[in-house]
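A.B. asks: Pasting in a structure now, in C-alpha cells, and then I'll have a few things to ask.
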Amino acid sequence: MSLRGAMSARLARSRGRRRRPRSRLAEIGVGAVCLGLGGVAVGVPLLRSDPPPRPVAASVTPTSSGELHVASGAEKPASGKTEHSDDSAVAYFNKRWADRTNGRVTDIRTTGRYLRIYTDLPEGANNSRTALRLCERGLLYLESIGEHDPVVFVQAEFGENGNPVLANILGPEDRDCRVTHPEPDA
C-alpha cells in the first residue's frame, strides 16, 4: 500500500472517532443539579409556614326593627359596614323594608351599574322566594338612582364555590330574576 493509501485509510478510521466521549462525571453533575433545582422548586412552597389568606366572611346583626346592619367577620358586628359596602344602597333597603328578607342580607356592593347583594342564604337557595325578592328590590334601587342598564346579582353565603349566584338580572332585556342554567349538549 502506498503512503497516500495508508493515510486515507487512517483518516477514514479516525473520522468515525472524531467526537470526544462525554465525561460521565459531567453528565452526573448536570443531572444532580437539575434534580436539586426541581426539589427546591417543589419543596419550598410546601415548607412555608404562613398559611394562605382566608376570605373574611360577612355577618349580620339582627335588630328588632329588621334593619340591615352589615359587618365583616373581622369587625365586631356593632362596628358597622365593610369598606366596600354601598352606604346609599344599605340606607335605601333599610328605609323601604324592615322584614326577614332584608335581614338575610350581609352586604350590598355596587360597581358601576352592577349591584351585588350578599346574603346568608345557602348555596342551594337558587331562585328561592327570598333571593328573588332581593333581586327585585335591587332592581328598584337601581331604578331609583337612574340606572337604565341594571345588573343585579343576589349571592349565597361564602362556601366551597365562593358566593354562588342565587338570582340575577343581566340587563334591560332580562325581565326575570330567575337564574337559568344552560341545557347540556345532547
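A.B. asks: With a ≥ b ≥ c the root eigenvalues of the C-alpha gyration tensor of region 114-186, is it rounded (a/c under 1.5), prolate (a/b larger than b/c) or oblate?
C.D. replies: oblate
A.B. asks: Ok, one more. Net charge near S144: determine it from the other residues with C-beta under 14 Å of the C-beta of S144, scoring Lys and Arg +1 and Asp and Glu -1.
C.D. replies: In short, 0.
A.B. asks: Write down the percent of antiparallel bridges among all DSSP beta bridges whose residues are both part of region 87-169, to the nearest 5.
C.D. replies: Given both bridge residues lie in region 87-169, the antiparallel proportion sits at roughly 70 percent.
Where a number appears in this text, it was derived from the coordinates with a stated rule and is not lab data. These numbers come from a predicted model, not from an experiment. Cβ sites come from the backbone with ideal geometry, for glycine too, and all protein chains shown count toward neighbours.
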